[in-house]
Amino acid sequence: MNRFLLLPAAALLVAAGSFSVPAAAGTPSAAAAVASAVPRCHNADLHARYRATDNGAGHRFGKIVLRNVSGQPCRTGGFGGLSYVGDGNGTQIGAPADRQGSGGSFVLRPGQRAVSRVDETVAENYDAATCRPHAVDGFRIYVPNATRSQFVAHPTTGCLDPAVHLISHTAYRKRG
């Protein structure tokens, strides 16, 4: 083939590859654009509750469930805050929960739920002098990106020593 024909043909192929076609509606990038336009969830938009699921080998397992109680879709995801509180006045008991894994943003329509799995180590696993056991009234829960918290009753025993980490939780994931 003629050298003079190969060069223009190659130039056309390179030029054609440099153009991009905009994403069509319904594609992942279009869905991401729509999701990012939805306002983020605020504390008042989500109702928190705790549900125990299992226990064994010095651990108790459960879920923090956030339900969208607003009349509008909102965007959430990732981590919130979780800690034990007590003394009848919301005093933090021990270390806040450690975070396990990672998670991304998603949209919750009214009534939909997001779940964070919780793993609690039983305080009695630790020497009393190290742990300094203390009664817990429940959880202080911050929904992702919020500065106001919610209280969820969960009577148990925590450790006053902040070096003892009894709680861990996963990033919130959309349920169902």
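Couple of notes before you dig in:
- Here the calculated FRET efficiency for D119 and Q72, from their Cβ-Cβ distance with R0 = 30 Å, stands at 0.35, rounded to the nearest 0.05.
- Cα-projected label distance for R132 with A57, points at 7 Å along beta-carbon direction, nm: 3.1 nm
- The DSSP beta bridges internal to segment 26-176 are antiparallel in roughly 90% of cases.
- Within-9-Å neighbourhood charge of Q100 [Cβ basis; K, R +1; D, E -1]: 0
- If R0 is taken as 22 Å, the Cβ-Cβ distance between Q112 and N145 corresponds to a FRET efficiency of 0.80.
- Considering only G80, S70, G58, and ranking their Cα positions along the charge dipole of segment 42-174 that arises from unit charges at the beta-carbon of Lys, Arg, Asp and Glu, the one farthest toward the positive end is S70.
Bear in mind that the values in this text are calculations on the coordinates, not laboratory data. Predicted model, so just to flag it, every value in this text is computed and none were measured. So basically every Cβ, Gly included, is an ideal-geometry build from the backbone, and we count neighbours across all protein chains shown.
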